1. Taking K and R as +1 and D and E as -1, what net charge do the other residues with C-beta under 15 Å from the C-beta of Gly421 add up to?
2. To the nearest 0.05, what FRET efficiency results for Thr205 and Lys419 with a Förster distance of 25 Å applied to their C-beta separation?
3. Can you list the HN-Hα couplings for region 254-267, worked out from phi with the Karplus curve (6.51, -1.76, 1.60; θ = phi - 60°), rounded to whole Hz and with x for Gly and Pro?
4. With a 10 Å radius around each residue's Cβ, average the other Cβ atoms per peptide and rank 421-427, 273-279, 241-247, highest first.
5. What are the ³J(HN,Hα) couplings of region 391-403, residue after residue, when phi is run through the Karplus curve with 6.51, -1.76, 1.60 and θ = phi - 60°? Round to Hz, x for glycine and proline.
6. Through the Karplus equation 6.51 cos²θ - 1.76 cosθ + 1.60, θ set to phi - 60°, convert the phi angles of region 515-521 into ³J(HN,Hα) values in whole Hz; use x for Gly and Pro.
7. Over the Cα atoms of region 143-267, Rg to Rh with Kirkwood Rh, two decimal places?
8. Round to a whole angstrom and tell me the spacing of the C-alpha centers of region 511-572 and region 342-393.
Amino acid sequence: MKIIAELQRRNVIRMAGLYLVGAWLVTQVSATLLPVFHAPEWLMKYIVILLFVGFIPALIIAWIFELTPDGLKRDADVPVAESIAPQTAQKMNRLLLFVSMLAIVYFAFDKFVLAPKREADLVVQTSQQISAKAAADKSKENAKSIAVLAFADMSPGKDNEYFSDGVSEEILNALAQVKDLKVAGRTASFYFKGRNETLQSIGKTLGVANVLEGSVRKQGDKVRITAQLIQVKDGYHLWSETYNGDMKDVFALQERIARSITDQLKIVLVGKQAEQLVNAGTENPEAYALFLQATGSFNRRDGKHFPDAIVQLTEAIRLDPNFARAHSRLAAILAVASVYISTTSLAASHEAAERHLQAAMKLDAELAEPYAVLGYLRTEQRRRVEAELAFRRALELDPDDVTANFWHGISLTRVGYTKQGIAAFDHALVIDPLLPNGLSWRGVQYAYAGDLTNAERLLHRAEDVGLPSAGWGLSVVAEARGQKPEAIKQMTSFLRNIMPGFPPSDSEILAQGIYGDTSARAKAIALIDRYLASKPTSLNSGMLLALFRLGEPARALTLAPERLTGNDTVWMTTLFSPYGREARATPEFKTFIHRFGLVEFWDAYGPPDLCKKNDKGDYICD
């Protein structure tokens, strides 16, 4: 205890407290003021080190020396009678109390006044820096973006719209393959055709900085193409040109336009693109014109003109047997023909599609579309492992092929891989935000998930861009909202679209049965019974869908594996939706997944979202 008393007498303890408080105060003031004067970072480090090093010497000085009226003297030289330690202690106590109060006041002021202001200023400064950088990055990235609008048909008879659309689409497709150039999808760009929208509005909607617009005048064998590249933000014309030539010159004209655009946007072309951007796939102008005409029907899914498109592509192939793109496009149309043409034989159209896609692959192994068509065919033929391999090959060749992404998404959702299917739909919509079928089926998945707002938004947008079959998703939305008449109306519209060749009244009877009373249900079941009694060679997918929704899932699961439908999408997607819960709980479901090849597919690629394997190796689906 003597040592403590001696430390107190010599003011060592008080000096320690005073030193620590003073050191803390110095560091706080330094931390605040040094940045104001842009002092180097190392200065603060040296101040802290100096204060730390000075602590022990300060205590030693307090022990050895004592403050007297005559100045600082060694403690041993000061007689006890002359010591002013008590007075010094009292003064130091007051000084320590003052410094402590000063430190507390400063700490409170710094914490509650200065610190929040510093943090706010820092947040604002950081946000401004981040925003400025993001804006700069976005501006830099967005400058190399373009939408190719549908070229106007300026032909005297206004009867060459297919050709003007085709010319602009070919330029768009060529630019879409250019690295570092963002190109809005075809459907999104062509959506503005005939609409009175400003370029600023179009650019904002599509997220692009530049727009290419133009016109085509075709009269006989003569062609005039006018094109202009416009900067969206200020309407400045970066480049414009008019080209005149014959039909045989159309390939060179498209190449010149595409190359002028990459030059203006300062895009560096590498590899094959440095030599050629636009590859029409043929040098025969007549075959090319027929290809463009058929492509217009395919893009619009204009079923009533599919027979004409088949004739046009057949003639294009006769004119140029090595026209790989014509073979591929004909395969695509034949693959889906039975959905749109009631008189088409499913087996015959699939066989012809296979023949043409194989020809396309042989002629041009780098085309993605034939593999996408093969994936679609194998999906409809229920050869799912082969379908998956074909889709993967298509996406390996062209990851941004819209059709391949969309068809792959459909294929995945049909076998229960809903999350992967949604990811494929989303990617397709990133490439082409107004893809009608993409909007519709993404909207259906939103509806299944209970997100009615997003479902309705996408489904109405699909309707707005001309899709006639959005009624399926809209019926789900209407039902969820308790709007039975609207649900019946939308379901009727949808069934009419997927039941070509049936009387329109059949669709309404089925829709009434799905949402109506016992009597309406019985009438719908009777209609299905009559249809099945006619022993159709293939099943209509609308009939299978109706059985699921009419409370006859076991019957649907038994019938489905017996015959192809040519369009399994709707009823299979239903099977792995909330509407399929009853079907998945039936004893027939276990038999169905074996007969339908789903077990083989799940074993190869893993259990689907709603299923898992039990200890016996059987798939159990919620």
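1. +1
2. Calculated value: 0.30.
3. Calculated HN-Hα couplings, in order: 5, 4, 5, 5, 4, 5, 5, 5, 5, 5, 5, 8, 6, 8 Hz.
4. Output ranking for 421-427, 273-279, 241-247: 421-427, 273-279, 241-247.
5. Going residue by residue, I get 5, 5, 5, 4, 6, 5, 6, 8, x, 9, 5, 5, 4 Hz, with x marking Gly and Pro.
6. Result, ordered by residue: 10, x, 8, 4, 5, 5, 5 Hz.
7. Working: Rg = 13.6 Å, Rh = 14.4 Å.
Radius of gyration relative to Kirkwood radius: 0.95.
8. Value for the Cα centre distance between the two parts: 27 Å.
Where a number appears in this text, it was derived from the coordinates with a stated rule and is not lab data. Because the structure is predicted, anything quoted here is derived from the model rather than measured. Here Cβ is always computed from backbone atoms with ideal geometry, including for glycine, and neighbour counts include all displayed protein chains.
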